[in-house]
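Worksheet: one structure, shown below.
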Amino acid sequence: MSDAAQLLARSHELRERALVRTPGGVHSNVRLGGPQVFIEYARDAWLYDVDGENYVDYLLGQGPNFLGHAPRHLVEAVSSACERGLIFGGQHKLEVEASEVVCEALGWPDMVRFGVSGTESVQAALRLARAATGRKRVIRFEGHYHGWLDNVLAAEGSLGWGTASVGQLPGHLDDFAFVPWNDEERFARAIEEEPDVAAVIMEPIMINAGVIEPAPGYLDAVRALCSKHGVVLIFDEVISGFRLGLGGAAARYGVVPDLATYGKAMAGGWPASALAGRAELMELFDKGGVNHSGTFNGSVVAMAATHATVSHLMDSPPYERIASHGGALMDGLRGIGEAHDLPLRVEGLPMAFHVSFGTAEVTDYRSLQSLDLDRYARLVPELVAHGLWVAGRGVWYVSACHGADELDAALTRFDKTLTDRA
Ligand code: PMP
């Protein structure tokens, strides 16, 4: 590759301009510490920057580009929807079709309400749970992320669980009780002892902090205790939904929540989210006085993107292909770590896995901290400079567009990064 200053000349210029008009030069704080590279365009599993360099993409827009960048069927559906008008302030057929296909793909929900971002759908879920139970408190899990708004942001980035932002309301977490992930006993104690519990909310597989699966039987135990205490169980499947399989984590682990939130992969890159659930809960938006509003909810293009993406996933499921690529990539990365004599660890599922350094056993957020997460974060700018587009927090996402060429490029570039820094 060309010399670094040369490589980033155009990006550097854009960055200088961005800093004048935008705090930190970025529009989401998640990107503050990220690569200062400006992307010109993206196709399939590749990004191309304004300086002419390319990157194999394993970040996928933080997850949404599950079918790759600009897949034909999605671009066509969105373009033809645009021609008919963008937003009506009234109902349209695509909303109905998108609702039907989402419920059919997921299998368990009766009804769905669309929104624009995962954060908003989480808010709707919490409000609905409180309305349904007449209770207030929520049990949640250390290291799980549920959006950036005042009442749920408990993370330093997505990883921590202490106070997250200057300017949040004092006492914004007073209505939440935190328990460690994968600790059945602690959860049982919390739900027995906490007063006034309306809901339990979780990422049914931790992906924002490490990729940590639920221990066998854990979700069943949580489900049973929620049912016993009349507590609404909310799965936040904003990342896992449609990625782990058509039915998301609920289907993978065979546990049905009362409500679940979706986003990211559901619309293939277009901003759209969903709250799905059992009819008796969802009907409260209609007959129970629970407000859920939004100018852009169910907008034409969002519905076209959702319908096209979910229909495509049903008609041509890419899950086996993704599992095979992801599995080979995980093995390849481990092999490179061994060859360089590094304690590199690669854990999780082929469609979303976590790369870090360390040897400790990891079952929850606290044990994750015993890994050398900073060491991996320090490697990321070098990986990017070698043409691998990955995130500092260590999660790698695989899409339906990753194939043999991408596998070869990823492993070669990863290996070269380690060799060049040695
Ligand atoms: N829940 C989870 C599990 C997420 O990963 C995210 C985003 N990373 C959100 C909620 C918030 O979604 P959005 O960024 O679309 O508001």
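Values computed for the structure shown
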read-out	value
Set Tyr41, Tyr48: member being out of contact with any helix residue (DSSP H, G or I) (no Cβ under 9 Å at 6 or more places or on another chain), surrounded by 12 or more Cβ atoms within 10 Å (Cβ to Cβ) and not in a helix (DSSP H, G or I)	Tyr48
Yes/no for Met314 being surrounded by fewer than 17 Cβ atoms within 10 Å (Cβ to Cβ), under 22 Å from Glu76 (Cβ atoms) and under 22 Å from the mean Cα position of the chain (by Cα)	yes
Boolean, Val301 is in the same structural domain as Val116 (by TED's automatic domain parsing), under 30 Å from Pro214 (Cα atoms) and either within 13 Å of the ligand (Cβ to nearest atom) or not hydroxyl-bearing (Ser, Thr, Tyr) (or both)	no
Those residues of the stretch 233-248 which are under 24 Å from Gly298 (Cα atoms) and either surrounded by 24 or more Cβ atoms within 10 Å (Cβ to Cβ) or in contact with a strand residue (DSSP E or B) (Cβ under 9 Å, 6 or more places away or on another chain) (or both), in sequence order	Ile234, Phe235, Asp236, Glu237, Val238, Ile239, Ser240, Gly241, Phe242, Arg243, Gly248
Filtered residue count, the stretch 197-227, keeping only those that are touching a helix residue (DSSP H, G or I) at 6+ places or on another chain (Cβ under 9 Å) and in contact (Cβ under 8 Å) with a residue 60 or more places away in the chain	14
Any hit, the stretch 139-161, residues being more than 13 Å from the ligand (Cβ to nearest atom), β-branched (Val, Ile, Thr) and at pLDDT 95 or above	yes
Hits in the stretch 316-372 (condition: without any contact (Cβ under 8 Å) to a residue 40 or more places away in the chain, part of a helix (DSSP H, G or I) and either among the hydroxyl-bearing types (Ser, Thr, Tyr) or out of contact with any Lys or Arg (no Cβ under 9 Å at 6 or more places or on another chain) (or both))	Glu320, Ala323, Ser324, Gly327, Met330, Asp331, Gly335, Glu338, Ser367
Only listed residue being at pLDDT below 95 and either more than 15 Å from Glu142 (Cβ to Cβ) or not assigned by TED's automatic domain parsing to the domain that holds Val395 (or both), chosen from Gly210, Gly217, Gly230	Gly210
Residue in the stretch 93-100 that is out of contact with any Gly (no Cβ under 7 Å at 6 or more places or on another chain) and either surrounded by fewer than 12 Cβ atoms within 10 Å (Cβ to Cβ) or in the same structural domain as Asp405 (by TED's automatic domain parsing) (or both) present	yes
Helices (runs of 4 or more DSSP H) (entirely within the stretch 164-266) containing at least 2 residues that are more than 13 Å from the ligand (Cβ to nearest atom) and touching a Pro at 6+ places or on another chain (Cβ under 7 Å)	248-253
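The values are calculated or read from the model by the stated rules, or taken from the named source; none is laboratory data. Since this is a predicted model, take the numbers as computed values, not measurements. As a convention, Cβ positions derive from the backbone with ideal geometry for all residues, glycine included, and neighbour counts pool all protein chains shown.
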